[in-house]
1. Considering only the stretch B:191-239, give the helices (runs of 4 or more DSSP H) lying wholly within it that have at least 2 residues that are more than 25 Å from B:Tyr53 (Cβ to Cβ).
2. Give me the residue from the stretch B:216-261 that is of a type in the set (A, V, I, L, M) and more than 24 Å from the chain's Cα centre (by Cα) and, out of that set, surrounded by the fewest Cβ atoms within 10 Å (Cβ to Cβ).
3. Looking only at the stretch B:153-180, which residues are more than 19 Å from B:Phe97 (Cα to Cα) and assigned to a loop (DSSP other than H, G, I, E, B)?
4. Counting only residues that are more than 24 Å from B:Ala117 (Cα to Cα), touching a strand residue (DSSP E or B) at 6+ places or on another chain (Cβ under 9 Å) and either among the small types (Gly, Ala, Ser) or assigned to a strand (DSSP E or B) (or both), how many does the stretch B:181-190 have?
5. Condition first: facing another protein chain (nearest Cβ under 7 Å), without any contact (Cβ under 8 Å) to a residue 12 or more places away in the chain and of a type outside the set (A, V, I, L, M). Now tell me which residues in the stretch B:218-247 satisfy that.
6. Taking only the stretch A:76-114 into account, find how many residues are under 23 Å from A:Leu153 (Cβ atoms) and either aliphatic (A, V, I, L, M) or within 15 Å of the chain's Cα centre (by Cα) (or both).
7. Taking the stated definitions as given, is B:Tyr83 at pLDDT 90 or above and closer than 16 Å to B:Phe252 by Cβ?
Amino acid sequence: MTLRQAQGRQEVFNDSPSPLLQLTFIGKQFGGLSALSDVSLHIRRGEIYGLIGPNGAGKTTLFNVITGLYQPSAGEFQFNATRYQTAKPHVLARAGIARTFQNIRLFANLTALENVMIGCHVRTNAGVFGALLRNLNTRVEERAITERARELLRYVGIEKPAQTLAKHLSYGEQRRLEIARALATDPLLLALDEPAAGMNATETESLKVLLQAIRSSGITVLLIEHDVKLIMGLCDRVAVLDYGRKIAEGVPDEVRNDSAVIAAYLGQETPSSSPHNKVRQSVSSQGLDGIDTGGGRGVPGGSAATLTHGGGND
Amino acid sequence: MPNALKKFLKRGGKHQQRLAIGLMLGALLLLPFATDALLGRGWVRIVDFAMLYIMLALGLNIVVGYAGLLDLGYIAFFAVGAYCYALTGSPHLALAFPMAFPDGLHLSFWIVLPLAALVAGGFGVLLGAPTLRLRGDYLAIVTLGFGEIIRIFLNNLNAPVNLTNGPQGISRIDPVSVASVLLNSTQNIFGISLPSVHLYFYLFLAFTALVVFISQRLEKSRIGRAWMAIREDEIAASSMGINTRNLKLLAFAMGAMFGGASGALFAGFQGFVSPESFSLMESIMVLCMVVLGGMGNIAGVILGGVLLALLPEILRHIVVPLQQALFGKTLVDPESLRMLLFGTALIVMMLYRPAGLLPSRVRRRELDTDEAAEKV
């Protein structure tokens with residue numbers, strides 16, 4: 001059986017002190033624009049690691065670098081003690097990095113079940129001859145794939161619409177299906193790009209429960225999210241990006257009160273007699289809890305009142 | 001009506017299903033005799049060509065329907081297969097290399113067939129490799145160019161060494177023989193007299209069945225699912241660990257192999273090949289069969305193949321006599337009428353049935369679940 005079982009993971013995580021993912025001075029240039037510069041961070045095995053930052057801070061770019069969609073212009077990263085600098089997405093998926101997408105990218109015209117079955121592709125082997133002959137190995141493997149896919153659909157809580165086309169699922173179900181599909185690749189690291197975007201409070205709460213269950217099954221989770229409550233309540237450690245640089249990292253409580261972070265979100269403190277100053281200070285004193293980080297980027301020297309306008313999404 | 005049939009098959013279970021398949025097979029076996037008796041020998045030949053087109057359309061369906069790669073030069077693989085057999089199964093090579101092959105090369109069809117498939121598959125990879133990063137319109141343009149390159153090569157490779165005999169084409173190709181029975185003349189088998197076109201019909205039927213079988217197996221396999229994932233979203237597919245490069249090349253190669261094999265059959269059947277059989281229009285016709293019938297659905301593709309292969313012949317046999325009877329002369333040439341009808345049909349299809357006459361199983365399932373939802 002080539003399908004690895006998630007249970008076996010726990011041991012790996014206890015025995016290996018080395019971080020699962022280690023980024024060293026990652027940089028990414030798009031022409032003259034520097035989307036990422038000198039980003040270094042490490043993610044330990046078994047933790048839930050949060051990545052936050054204002055819109056355009058480079059979070060998704062970083063995601064695309066570690067999942068192979070972009071090649072970094074500088075630096076390199078190590079995953080599971082192997083170095084990668086220029087690797088194709090499928091190589092990294094095989095190595096154990098699975099991801100979801102910010103704007104859902106399911107296989108829209110295939111069923112929920114088939115979507116998850118495709119996730120099993122990387123851990124299975126049947127080729128053309130297996131398909132044509134449909135020999136014993138292939139049949140056993142096909143059955144295992146179907147079973148595993150059903151199991152995963154059950155796990156994320158969408159077993160009922162297994163035969164529904166992905167495009168006909170509800171928004172929340174589609175998000176969950178993306179997670180199930182990513183889990184089907186048997187990842188060591190599950191990278192989720194804004195999984196709670198567009199969800200209501202109840203859905204977000206059940207997503208939180210799901211992510212905790214995934215973590216306790218031994219899978220490390222990397223999370224980009226704008227919902228600060230979710231990030232703070234869920235993550236073991238959080239890194240903050242701004243203008244492509246890491247400006248803070250640490251446990252949620254540290255990051256929450258970090259002055260650089262507050263400045264990035266709310267704008268720099270400038271001594272002025274602006275009537276908005278008081279507002280800003282009161283927000284600052286609560287730390288990030290009081291705001292939704294999905295909003296605007298702080299304008300240096302700008303007014304905190306911009307916050308009320310900047311509530312949009314990407 | 002198809003719904004009633006489906007219900008009947010469902011209720012009846014295995015037995016009735018087998019019965020239905022048996023009946024269909026019986027009907028197919030009798031088809032050349034029925035056609036011969038009702039419409040004449042010429043029509044059996046037309047049906048034979050329809051079978052070849054079905055094989056081609058099923059091959060293209062792998063590339064376009066499963067993997068979603070728009071290929072406008074598919075007929076080139078048909079040409080490669082046809083010329084493979086034309087060169088190795090005719091006296092022609094005596095012209096090019098009189099020393100080496102004073103009598104031409106007369107390899108057995110059954111040796112050349114897998115060879116032709118492999119060579120065409122190789123050309124499929126050759127076409128696929130530089131186009132891996134292209135999609136949609138851009139891919140269509142490059143494949144179109146590829147198809148033309150092959151045709152122009154065939155047209156001009158009569159100098160300095162006369163390899164393809166240029167526009168005159170290669171004639172006197174050996175007929176196919178099955179177990180030392182030559183298929184180019186009437187044979188008596190079990191007391192039944194079988195003309196050549198009947199024999200070829202059965203040969204093509206067997207090959208079509210094989211192609212259908214392979215397509216079906218591929219569709220419901222790990223490879224087939226990976227192709228469909230690439231068709232749906234290439235970036236997501238590669239992020240899920242699918243090696244998109246290899247699987248796209250595989251799709252091109254598999255499709256090309258079907259094309260090459262049908263090409264060899266075509267050369268053996270016709271006994272003559274020339275570059276004009278492999279024009280861009282042919283590529284487009286095969287693509288239309290796939291699109292009209294229902295991309296990704298085997299039954300749909302077969303239906304598309306039958307319709308588009310028979311339509312021009314039907315027109316030719318109906319329109320001219322009809323006009324003669326009505327006006328005493330032919331006002332509209334059947335060829336122009338074919339194009340007119342064909343264009344209209346495509347526009348109507350795109351407006352009312354964009355997924356094809358028989359949409360793929362996904363669409364069907366979609367309708368089924370809608371029905372189920374209505375019942376609840």
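The values are calculated or read from the model by the stated rules, or taken from the named source; none is laboratory data. Values in this document were obtained by computation on a predicted structure and should not be read as measured data. All Cβ positions, glycine included, derive from the backbone under ideal geometry; neighbour counts span all protein chains shown.
1. Working: elements: B:196-219, B:222-232, B:234-239.
Per the criteria, B:222-232, B:234-239.
2. Filtering the stretch B:216-261 down to residues of a type in the set (A, V, I, L, M) leaves B:218, B:223, B:226, B:228-230, B:235-237, B:240, B:242, B:247, B:249-251, B:253-254, B:256-257, B:261.
Next, only the ones that are more than 24 Å from the chain's Cα centre (by Cα) stay: B:229, B:235-237, B:240, B:242.
Working: B:Ala229: 28, B:Ile235: 15, B:Ala236: 24, B:Ala237: 26, B:Met240: 28, B:Ile242: 25.
Top of the filtered list is B:Ile235.
3. Correct list: B:Pro175, B:Val176, B:Ala179, B:Ser180.
4. Applying the first criterion (more than 24 Å from B:Ala117 (Cα to Cα)) to the stretch B:181-190 yields B:185-190.
From the residues that got through so far, the ones that are touching a strand residue (DSSP E or B) at 6+ places or on another chain (Cβ under 9 Å) too are B:186-189.
Filter again for either among the small types (Gly, Ala, Ser) or assigned to a strand (DSSP E or B) (or both), leaving B:187-189.
Residues in the stretch B:181-190 being more than 24 Å from B:Ala117 (Cα to Cα), touching a strand residue (DSSP E or B) at 6+ places or on another chain (Cβ under 9 Å) and either among the small types (Gly, Ala, Ser) or assigned to a strand (DSSP E or B) (or both): 3 in total.
5. Answer for the stretch B:218-247, where residues must be facing another protein chain (nearest Cβ under 7 Å), without any contact (Cβ under 8 Å) to a residue 12 or more places away in the chain and of a type outside the set (A, V, I, L, M): B:Ser221, B:Arg222, B:Arg225, B:Asp233, B:Ser238, B:Ser239, B:Gly241, B:Asn243.
6. 16
7. Values: at pLDDT 90 or above: yes; closer than 16 Å to B:Phe252 by Cβ: no.
When the stated conditions are applied, B:Tyr83 does not pass them.
Residue by residue, here is whether (1) in contact with a Ser or Thr (Cβ under 9 Å, 6 or more places away or on another chain); (2) without any contact (Cβ under 8 Å) to a residue 60 or more places away in the chain holds:
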position: B:Phe153; (1), (2): yes, yes
position: B:Asn156; (1), (2): yes, yes
position: B:Pro160; (1), (2): no, yes
position: B:Gln168; (1), (2): yes, no
position: B:Gly191; (1), (2): no, yes
position: B:Leu194; (1), (2): yes, yes
